[in-house]
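Only one structure is covered here, and it is reproduced in the block below.
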Amino acid sequence: MHPGHRGAAGNCNYEELAEKGKNQYAIGQLVAALASYESALACKPDPAYAEKAFIIACNLPQVEKAKPFWKQMPPLMRQRALAICCRNGITEEMLDAP
């Protein structure tokens, strides 16, 4: 069996979901891409998937959607991704707000 074939959600191919999200993002299907990365994260909590979902949520821009992913990323990754959010009017203060 492929190593990425099973996840927390049972039969879940998180690698395939992430690849689908990457492809959807590349052609501008942001809502679909975000859903794909959310599904990948449900299978495998991976900071790289959280970063991708965070960036997509910022590009929509949807601060409420971005908040959970913000909390899943390590500090260095947060700072790198934050620049993208700031360009879309989403600030660190907004992301840290309850």
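The values are calculated or read from the model by the stated rules, or taken from the named source; none is laboratory data. Please read these numbers as outputs of a predicted model, since none were measured by experiment. Cβ coordinates were reconstructed from backbone atoms using ideal geometry, including for glycine residues, and neighbour counts include every protein chain displayed. We work out accessible area using only protein heavy atoms, side chains counted, and drop any ligands, DNA or RNA first. Shrake-Rupley method; radii C 1.70, N 1.55, O 1.52, S 1.80 Å.
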* Which of the residues belonging to the stretch 54-85 are aliphatic (A, V, I, L, M) and in contact with a Lys or Arg (Cβ under 8 Å, 6 or more places away or on another chain)? -> Ala57
* To do: Hey, can you tell me all the residues within the stretch 51-69 that are in a helix (DSSP H, G or I) and either closer than 17 Å to Gln24 by Cβ or touching a residue at least 40 places away in the same chain (Cβ under 8 Å) (or both)?
  => Glu51, Lys52, Ala53, Phe54, Ile55, Ile56, Ala57, Cys58, Asn59, Lys65, Phe69
* Structure fact -> Within the stretch 24-68, the residues that are open to solvent by 80 Å² or more (accessible area, probe 1.4 Å) and over 12 Å from the mean Cα position of the chain (by Cα) are Ala26, Ile27, Gln29, Glu64
* Asked: Considering the stretch 17-31 alone, what residues qualify as being more than 10 Å from Ile56 (Cα to Cα), assigned to a helix (DSSP H, G or I) and of a type in the set (A, V, I, L, M, F, W, C)?
  -> Leu17, Ala18, Ala26
* **Where Gly28 falls short, out of the listed (1) touching a Lys or Arg at 6+ places or on another chain (Cβ under 9 Å); (2) within 18 Å of Cys85 (Cα to Cα)** => (1)
* Give me the pairs, please: first residue somewhere in the stretch 70-98 and more than 23 Å from Lys44 (Cα to Cα), second residue anywhere and surrounded by 12 or more Cβ atoms within 10 Å (Cβ to Cβ) and among the β-branched types (Val, Ile, Thr), beta-carbon distance under 6 Å, and either six or more positions apart or on two chains. => Ile84/Ile55; Ile90/Val63; Met94/Val63
* State whether the residues of the stretch 73-94 include one that is in a helix (DSSP H, G or I), at pLDDT 90 or above, among the β-branched types (Val, Ile, Thr) and buried (at least 18 other Cβ atoms within 10 Å of the Cβ). => no
